[in-house]
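A quick write-up on the structure given underneath.
Quick note: the coordinates plus some simple rules give every number you see, no bench work behind them. Given the structure is predicted, the values throughout are model-derived calculations rather than measurements. Here Cβ is always computed from backbone atoms with ideal geometry, including for glycine, and neighbour counts include all displayed protein chains.
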Amino acid sequence: MSIFEILMLISFGFAWPTSIIRSWRSRSNAGKSLPFLLIIAFGYLSGILHKIIYAPDPVIVLYIINLCMVSADILIYRRNHLIETNALP
């Protein structure tokens, strides 16, 4: 467990709620990139697998929380895409 890994995950963890709230309220994907979100999700998933296989420690909780927030942002991205294409009211 590294203090720098923890600080990185905490700082990213504070950024995701802002992104999620902004996307939800704006009902728009302006400034968003689905490939970017998917790459970030893949990175968190890789971190989780590393913790499970090679270095189990409590930091895995931070990876899981961040992955959940990115997943929520991906779902909101999909919702906003449907709104922008008039598939949803």
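Annotations
- A crude spin-label estimate for the pair A30 and L45, with each label 7 Å from Cα along the Cβ direction, gives 3.1 nm.
- Pairs of Cα atoms farther than 15 Å apart, segment 10-84, %: 54 percent
- Relative contact order of the chain, defined on C-alpha pairs under 8 angstrom at six or more residues apart (%): 44 percent
- Label positions at I74 and L7, each projected 7 Å from the Cα along the C-beta direction, are separated by 3.0 nm.
- Chymotrypsin sites (Phe, Trp or Tyr not before Pro) within segment 1-62, DSSP loop, no more than 11 other Cβ atoms inside 10 Å: Y54
- Angle between the chain longest axis and helix 3-26 axis [Cα atoms, degrees, rounded to 10]: 10 degrees
- Between the listed residues H81, L9, Y63, the Cα displaced farthest toward the positive end of the dipole of the chain, a dipole computed from Cβ unit charges relative to the Cα centre, is found at H81.
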